[in-house]
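Visitor: Sharing a structure below in structure tokens format, with a few things to ask.
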Amino acid sequence: RAPGPPPPPPPTEGRGLVIQQIPELWTALMRTDWESAARDFKARVKGASAEDDMEEMRGLASMYDAIDLEQFMEDPKCVVCGKPAEKRCSRCRLDWYCGRKCQVKAWKKHQPLCDALCESAKKQGGGMGAAPGQAG
């Protein structure tokens, strides 16, 4: 018989709830049948079609769309001058700008990426901003 997992680390006092939960999380992870989980995952991936993969990606994308990830971002900076930015490309919503002057300055460089992102979103059934070729 193979030896069991080592004992969990002792709880840490005074460092908050998450740190104190580590022994419980560790114990739960050690009880997981990882070999079975790996077999199930391998079978699922091996039997998946391209359509299955796309459906899974759509589900993941919609899950992340529902989360306001911007609340975790640092304050945006202008991609041109580095100053604090309050505006972003209205088409792809990727690049941030401090104002119209920097946005216009960056447009020639930004346009190919912006067009590609918007075209991709359009093919996936979503839509982004203005028509290709228009400044965002």
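Visitor: Work out the FRET efficiency for Leu94 and Lys42 from their Cβ-Cβ distance, taking R0 = 30 Å, and round it to the nearest 0.05. The partial results should precede the final answer.
Guide: Numbers: r = 36 Å, r/R0 = 1.18.
E(calc), rounded to 0.05, equals 0.25.
Visitor: Starting from the Cα of Trp34, step 7 Å along the direction of its Cβ; do the same at Val104; then give the gap between the two resulting points in nm.
Guide: Calculated label separation equals 5.9 nm.
Visitor: Given the protein chains as shown and a 1.4 Å probe, how many square angstrom of Leu29 are accessible, to the nearest 10?
Guide: Roughly 90 Å² of Leu29 is accessible to a 1.4 Å probe.
Visitor: Ignoring everything but the protein chains, give the 1.4 Å probe accessible area of Glu55 in square angstrom, nearest 10.
Guide: Solvent-accessible area, nearest 10 Å²: 110 Å².
Visitor: Given H placed 1.01 Å from N in the peptide plane, which residues other than close sequence neighbours of Arg88 have an amide H under 5 Å from its amide H?
Guide: Long-range HN contacts for Arg88: Tyr97.
Visitor: Once phi is turned into ³J(HN,Hα) by the Karplus curve 6.51 cos²θ - 1.76 cosθ + 1.60 with θ = phi - 60°, what whole-Hz value does each residue of segment 51-59 show in order, with x for glycine and proline?
Guide: Residue by residue, segment 51-59 yields 5, 4, 4, 5, 5, 5, 5, 4, x Hz.
The values are calculated or read from the model by the stated rules, or taken from the named source; none is laboratory data. Please read all numbers here as calculations on a predicted model, not as lab measurements. Every residue, glycine among them, receives a Cβ derived from its backbone with ideal geometry; neighbour counts consider all protein chains shown. Just so you know, the surface numbers come from the protein's heavy atoms only, side chains and all, with ligands and any DNA or RNA stripped out. Shrake-Rupley method; radii C 1.70, N 1.55, O 1.52, S 1.80 Å.
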